[in-house]
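Taking it in order: structure first as structure tokens, then the write-up.
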Amino acid sequence: MNKYVLVTGGAGYIGSHTVVALLQQGYTPVIADDFRNANKIVLAGLRSILGHDPLLYPIDICDKQALTALFDKYTFEGVIHFAAYKAVGESVDKPLEYYQNNLVGLINVLSLLQSHQVKNFVFSSSCTVYGEPKGEKEVSETTPKQLPESPYGYTKWMGEQIIADFHRSAPEIKLMNLRYFNPVGAHPSALIGEFPIGKPNNLLPFVTQTAIGKYPHLTIFGNDYPTRDGSCIRDYIHVQDLAEAHVAALDFLSKQQEGLLEAVNIGTGTGTSVLEIVAAFERVTGLTLPHVIGPRRQGDVIEIYANATKGEQLLGWKARLGIEDALRDAWAWEQHLAAL
Ligand code: WQD
């Protein structure tokens with residue numbers, strides 16, 4: 001008996017790694033992805049890792065009719081909802097596209113959970129809902145959320161609000177918001193990884209694309225912050241650990257008898273600075289990474305990292321890999337792309 005799981009955005013960075021983890025745990029992922037933020041190279045990599053084509057439907061989650069047809073076709077054990085735009089800077093330039101895609105897509109999925117009696121739902125949320133921690137830089141799930149700094153951040157903040165209101169109206173459904181810290185790294189096979197379309201927004205792709213020669217240097221956005229070395233601090237979580245967290249969340253929800261809504265931080269519990277990332281990358285690869293110090297980037301949080309104990313207590317999940325594993329795997333992926 002197949003345990004079908006709908007994975008919206010399943011051809012994307014975190015989605016594709018989660019598809020692999022789901023299959024390894026006996027689930028049958030069904031990908032809904034229109035490739036607006038994914039690349040066919042990742043699909044080829046998935047095929048190589050899995051040894052077969054994953055179930056995939058190139059549909060836009062804002063197309064309610066197409067999404068309904070999928071829910072009519074499969075009896076889903078659960079849904080993992082990744083499909084969303086996620087570039088902070090781009091969201092400032094294109095707020096309406098972000099609200100339309102990220103919120104209408106979410107609303108479509110939630111309404112189909114109810115109409116098709118699908119009981120388990122995992123939402124790709126973000127530490128961005130915490131904003132800049134006021135006191136303690138280590139945030140737990142009870143740390144008060146703050147109004148975000150970008151339309152992207154608002155789509156996660158509002159997304160969690162929509163889910164909370166939906167939960168009150170559909171108490172039988174089991175819902176979990178996974179608040180990612182900073183996803184990094186790639187599958188150890190180097191066949192799938194982060195595939196930014198155009199100029200990268202995030203740090204890691206910029207590091208590896210600079211190292212491969214696409215850019216003359218990395219610009220570090222400020223080294224005059226009140227941190228241990230002046231650069232910003234984040235909690236960088238290996239995408240493999242992140243993928244496994246989604247399976248752990250689905251396993252947990254599937255076992256619950258009653259409806260619920262939980263938020264869980266998905267981070268390592270350790271903060272790493274930008275300068276420490278550069279030093280670790282050079283250590284792991286033996287390369288010198290050309291980098292310059294530039295001005296601060298507007299909206300950057302100075303320091304944030306996870307208190308990850310709830311994930312361990314509730315889901316039995318804990319990050320296994322460290323930043324050096326992520327840098328090694330991200331570099332191998334970049335080299336794989338360069339060889340294509
Ligand atoms: C990290 C640090 C930059 C690029 C991300 C995603 C967002 C969300 C939360 C999931 C910052 C510095 C970066 C560069 C740099 N993810 N940096 N030079 O801002 O924490 O947000 O995680 O929901 O989608 O954007 O990540 O990788 O952009 O930046 O110095 O060229 O690296 O200033 O301190 P961020 P990031």
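General observations
- Filtering the stretch 166-186 to residues that are under 15 Å from the mean Cα position of the chain (by Cα), more than 8 Å from the ligand (Cβ to nearest atom) and under 21 Å from ASP251 (Cβ atoms) leaves MET176, ASN177, LEU178, ARG179.
Yes/no per residue for (1) crowded, with 19+ Cβ neighbours inside 10 Å; (2) closer than 30 Å to ALA330 by Cα; (3) aromatic (Phe, Trp, Tyr); (4) touching a residue at least 12 places away in the same chain (Cβ under 8 Å):
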residue	(1), (2), (3), (4)
ASN120	yes, no, no, yes
SER124	yes, yes, no, yes
LYS145	no, no, no, yes
GLY153	yes, yes, no, yes
ASP165	no, no, no, no
ILE173	yes, no, no, yes
ARG179	yes, yes, no, yes
VAL184	yes, yes, no, yes
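- Lone unmet requirement of (1) in a loop (DSSP other than H, G, I, E, B); (2) over 21 Å from the mean Cα position of the chain (by Cα) for GLN335: (1)
- Among residues of the stretch 83-124, those that are within 14 Å of the ligand (Cβ to nearest atom) and more than 21 Å from ILE14 (Cβ to Cβ), counted: 1
- Scan of the stretch 267-326 for residues that are more than 17 Å from THR210 (Cβ to Cβ) and of a type in the set (S, T, N, Q), ordered by number: THR268, THR270, THR272, SER273, GLN298, ASN307, THR309, GLN313
- Condition broken by GLN114, with the remaining ones in (1) touching a residue at least 24 places away in the same chain (Cβ under 8 Å); (2) in a helix (DSSP H, G or I); (3) within 21 Å of the chain's Cα centre (by Cα) satisfied: (3)
- Here the stretch 302-315 is the region considered, the condition is being of a type in the set (A, V, I, L, M, F, W, C) and not in a helix (DSSP H, G or I), and the residue that is nearest to ALA248 (Cα to Cα) is ALA308.
- The stretch 125-155 - residue that is within 16 Å of the ligand (Cβ to nearest atom), out of contact with any strand residue (DSSP E or B) (no Cβ under 6 Å at 6 or more places or on another chain) and polar (S, T, N, Q) and, of those, nearest to ARG179 (Cα to Cα): THR128
Values in this text are rule-based calculations from the coordinates and carry no lab data. Computed from a prediction, not measured in an experiment: that's the story for all the values here. As a convention, Cβ positions derive from the backbone with ideal geometry for all residues, glycine included, and neighbour counts pool all protein chains shown.
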